[in-house]
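The values are calculated or read from the model by the stated rules, or taken from the named source; none is laboratory data. The structure presented is a predicted model; accordingly, all values stated were derived computationally and were not measured. Note that each Cβ is placed from the backbone with ideal geometry, even for glycine, and that neighbours are counted across all protein chains shown.
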Amino acid sequence: MKLVVGFVTYNESSTKYLGDFLSNLKYSLEFLKPVDKQILVVDNSSSDYNLNRLALEYFNRENKPEMLVFPQKENLGFGSAYNILIKKAQELGAEYFLMVNPDVLLEVDAIHQLLIKIEADKTLASVSPKIMRWDFEHKLKTKQLDSCGIILKSGLKFNDLGQGELDEGQYDEMDILGPSGAAGLFRLNALEKIKDEYGYFDSRFFMYKEDCDLVYRLRATGFKSALVPEALAYHDRTVGFYGQGLGQFITHRRRISKQARSWSFKNQHLLFVKHFQKEKIGSRLLVLGRVLSLLFFSLILEQFNLKQYPSIFRFLKA
């Protein structure tokens, strides 16, 4: 069995995590002594921003085998960067690809538990750890759920299962669409079957919701996914909403950069355009209602999102 672990770094958004993340990943992989494994990294950082690369180079000096780093001259975005990693994993002859963000910590046996589950069931294209919220500022692993995997509701509404709730095992047996982009293990031959002209991940999704598109396409092709509650991870999510009520939601939204909100807004519409025809009539009607509600929300509260409509219309026309 060959496992490739891939992650993406980008400027200061990943720098502060790398010390904790790399040592944690090292111990998690050492737990898998019989498994052939390789770490791959795409560094999307600016050419004049070298702290990420210095951290990666230091790790390679201290550890063998070295991870392979693919520095980029510009920020390719999440999906395109992962397409590079997945393609390289295929070339290396790997069977499984673990996608994990640098703002995630894994319990030492988490990867082991994921591999046990996906090896035992060949119908699974992916498996998800149970991801809790990591309070990075206070270095605390909490009992608050971040994601038990992505689920799909009518109207092409994608949610991280359980986000914001206290973990009481309530979702351990739930069916999921696939793992969150924060962390998930994929069977590479399944990813190969959904690859198209835009890659494994759709490269048109620069950042945000590309994981929703990927797991939707895997399910549409007939593949399954599963939550592995024994595999625990912790995520310091920067754009997640753990509060309640409209007021808290609006306050939370204002803490997120306009660029991030614009990407998310645009990509939600790309999901609508790509998968509208696959949905049942009731779901299609809800999609149309969501399109109108997003328009009104932008007109009233986030007018900067209106700049995304020309690119959305171009995508629809194409």
What is the number of the single condition among (1) out of contact with any helix residue (DSSP H, G or I) (no Cβ under 6 Å at 6 or more places or on another chain); (2) in contact (Cβ under 8 Å) with a residue 40 or more places away in the chain; (3) in a helix (DSSP H, G or I) that Gln38 does not meet? (3)
As an exercise: evaluate Tyr10 against (1) of a type in the set (Ser, Thr, Tyr); (2) buried (at least 21 other Cβ atoms within 10 Å of the Cβ); (3) at pLDDT below 90 and give the number of the one condition it does not meet. (3)
I'm checking my understanding of the structure. Among residues of the stretch 13-55 that are of a type in the set (Asp, Glu) and under 19 Å from Glu66 (Cβ atoms), which one is surrounded by the most Cβ atoms within 10 Å (Cβ to Cβ)? Asp43
Check on Tyr208, within 18 Å of the chain's Cα centre (by Cα), at pLDDT below 95 and surrounded by 20 or more Cβ atoms within 10 Å (Cβ to Cβ): yes
Taking the stretch 126-176 and keeping only residues that are in a strand (DSSP E or B), out of contact with any Pro (no Cβ under 9 Å at 6 or more places or on another chain) and among the polar types (S, T, N, Q), one is left with Thr142, Gln144, Asn159
Cβ pairs under 8 Å, 6+ apart or interchain, first in the stretch 63-92 and of a type in the set (Gly, Ala, Ser), second buried (at least 18 other Cβ atoms within 10 Å of the Cβ) and assigned to a helix (DSSP H, G or I), ordered by first then second residue, are Gly79/Glu210; Ala89/Leu188
Quick check on this structure: which one of Ser14, Ser23 is closer than 20 Å to Phe205 by Cβ and part of a helix (DSSP H, G or I)? Ser14
So which of Lys87, Lys73, Lys153 is within 22 Å of Leu3 (Cβ to Cβ) and either surrounded by fewer than 18 Cβ atoms within 10 Å (Cβ to Cβ) or in contact with a Phe, Trp or Tyr (Cβ under 9 Å, 6 or more places away or on another chain) (or both)? Lys87
